[in-house]
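Read the structure below first, then the notes.
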Amino acid sequence: MIKCRFCGRTFESFSDFLFHIRRECKNVPKTRRCPVCGVKFRSIRLCKLHMVNAALSDVKHRNYVMAPV
Ligand SMILES: [Zn+2]
Ligand SMILES: [Zn+2]
């Protein structure tokens, strides 16, 4: 299970969580600069995508977007 750090909703699969962050979570910071690693993106959408994708491989990003269940 995956829990969204920003709103507390839980998801069965990573793809559901990815969809949630990209499309429906209202609490994700609207920034083009990743708060975790400081990389800048051309759009907020790309920055969100980066944060979630990086969470798959990097523990700092994971801790930022996902809460312990
Ligand atoms: Zn959320
Ligand atoms: Zn980052």
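FYI, it's all coordinate maths here, none of it is from the lab. Only a predicted model underlies this, so the values are computations on that prediction, with no experimental measurement involved. Counting neighbours? That spans all protein chains shown, and the Cβs are built from the backbone with ideal geometry, glycine included.
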How many of the residues making up the stretch 22-69 are exposed (fewer than 15 other Cβ atoms within 10 Å of the Cβ), of a type in the set (Ser, Thr, Tyr) and part of a helix (DSSP H, G or I)?
-> 1
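Kindly indicate which of 41, 6 is within 10 Å of the chain's Cα centre (by Cα) and aromatic (Phe, Trp, Tyr).
Numbers: 41 fails: within 10 Å of the chain's Cα centre (by Cα).
None of the other options fit; the residue is 6.
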Could you grab me the full set of residues in the stretch 17-69 that are touching a strand residue (DSSP E or B) at 6+ places or on another chain (Cβ under 8 Å) and without any contact (Cβ under 8 Å) to a residue 12 or more places away in the chain?
-> 39, 40, 41, 55
Would you mind stating whether residue 11 is more than 16 Å from ligand 2 (Cβ to nearest atom), without any contact (Cβ under 8 Å) to a residue 12 or more places away in the chain, surrounded by 14 or more Cβ atoms within 10 Å (Cβ to Cβ) and within 11 Å of residue 66 (Cα to Cα)?
-> yes
